[in-house]
1. Out of the stretch 329-352, which residues are in contact with a helix residue (DSSP H, G or I) (Cβ under 7 Å, 6 or more places away or on another chain) and closer than 26 Å to Glu167 by Cα?
2. Which one of these does Gly47 not meet: (1) on the phi > 0 side of the Ramachandran plot; (2) at pLDDT 80 or above; (3) under 36 Å from the mean Cα position of the chain (by Cα); (4) not β-branched (Val, Ile, Thr)?
3. Is the stretch 232-249 home to any residue that is assigned to a helix (DSSP H, G or I) and modelled with pLDDT of 70 or more?
4. Limited to the stretch 390-413, what total is found for residues that are in a helix (DSSP H, G or I) and modelled with pLDDT of 65 or more?
5. Name, by its number, the condition in (1) at pLDDT below 85; (2) under 60 Å from the mean Cα position of the chain (by Cα) that does not hold for Ser103.
6. Tell me, please, whether a residue that is within 36 Å of the chain's Cα centre (by Cα), part of a helix (DSSP H, G or I) and without any contact (Cβ under 8 Å) to a residue 24 or more places away in the chain can be found in the stretch 16-39.
7. Pick from the stretch 326-347 the residues that are of a type in the set (A, V, I, L, M, F, W, C) and closer than 15 Å to Cys380 by Cβ: which of them is nearest to the chain's Cα centre (by Cα)?
8. Based on this model, can you work out whether Tyr162 counts as assigned to a helix (DSSP H, G or I), of a type in the set (Phe, Trp, Tyr) and in the same structural domain as Cys28 (by TED's automatic domain parsing)?
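The values are calculated or read from the model by the stated rules, or taken from the named source; none is laboratory data. Bear in mind that the values here come from a model prediction, so they are computed numbers and not experimental data. Virtual Cβ from ideal backbone geometry, glycine too; neighbours counted across all protein chains shown.
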Amino acid sequence: LPKEGTLVLTDSLWENVSKGVRMMERVCGVIHETCALAATQLSLLSGESNGFESTRVKEMVHNVVEKTYGKTPLDKVFQPIDKDVASLVAAIQAVHKTVDDGSLHLVNKLDNKYPPVIERAHTRKQAAAEAEGLRWQLEKKENEMVELKKVIKARIDDVSNYKLRLEMADARLEQCSKVDSQRETHLQSRIDELNIELKKQKNEYEETLDALQKELRNAEGENSELKERAKNMSKKALLQGIQSMEKDRAASPSRGTNPSVRNERGANSAEMAILENQLVETLNSLRRTTMEMRKAKATNSVLAPLAVANSVCGPFSLTESVKRRDSQLEAIEWEASQLSREESRYAFFTPNQTKSWKENEELRDKWNKDRDLFLFRVQCCRNRLNEYWARNHPGIEMPQLIRIEKKQRVFDESELNINSSTFKNICSKWGIATA
């Protein structure tokens, strides 16, 4: 460009410049709207992803291109943009060629060269060019205002959806609290009834136990009394029989005896005979019982040990199951039950709506660390159970005490777009309108 003189823009040059500006504005508008849509999608994901796949980005570009250029197939989504870029390059090359050729009209500045009418015409032409530039800027600002209104409308729709979700969550929470309160009241009444019944049964048991103990003491007293009487009677009768026998032997055969004495001696002899027979029978029964016990013990020592059922179905199986359960297995079972109760806390992460996105990301990182520690505890408990069972019960199937596994969410790649059936079902469930 010359350092002196005036540069006169021709119509062709101005047309090429305007065309290049329009093409650049259209291409930049497509890129800007695509980036705005991607930012909105990322804000809805709440930090679950840091980017998008190429197919999803292509779908976003396709939506923006249809708004700007009209209906366009998905496989030809980049053709309008390529045409605008080619037109932009052609306009820039035409301007560059015009400037390099020096075909512009350069008019040196001369005092009073043109009459006032011509000067005024040049001034009006410049004013018209400035007005055209201002009009173009005004249209640009109006387009920006329209885009901002669209963004504000989208934000208002998002806020409405969030409010609807919050109201539904509050309603569900209130309903769950009512159900829990009713269930708690029912359980408390049932507990009170069971406590009253337990106290009643306890009182009846104590009364019955006192009566049985009293009867047992009375029976023991009567039994001891009868045993003492029988013992005294047996000793007395035996002593009298022995004395009468000695007297008979000492007396002469020709000497007469009293009839009453003979009767008493006959009675004592009969009682002694009965006692002797009872003693012989008791001794024989004792010998037979001893022999049978010895035979039973010998037979029992030869037989194989009885197999006890794993499930409790009687007092013997109950005793054996209690013996098999030692302190180490009980500790492992208690720890497994504790881990099962804690599993619900690490099923999924729930963001706090009152906190910002950055604070929720910090909470998510802390939750992931706690979940890794929980899975490590589960694996340690499972290893201790395997070692204990292999050491104490080899060859027996191990019980499933720990049923906690690491959950992984796997989605089909075809479902990761806004046109999928899964996305539409979720939107219809929450009352969100889809395009």
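1. Tyr346, Phe349, Pro351, Asn352 - these are the residues of the stretch 329-352 that are in contact with a helix residue (DSSP H, G or I) (Cβ under 7 Å, 6 or more places away or on another chain) and closer than 26 Å to Glu167 by Cα.
2. (2)
3. Yes: one or more hits.
4. Number satisfying all stated conditions: 3.
5. (2)
6. Taking every residue of the stretch 16-39 in turn, at least one turns out to be within 36 Å of the chain's Cα centre (by Cα), part of a helix (DSSP H, G or I) and without any contact (Cβ under 8 Å) to a residue 24 or more places away in the chain.
7. The selected residue is Leu339.
8. Yes: the conditions hold for Tyr162.
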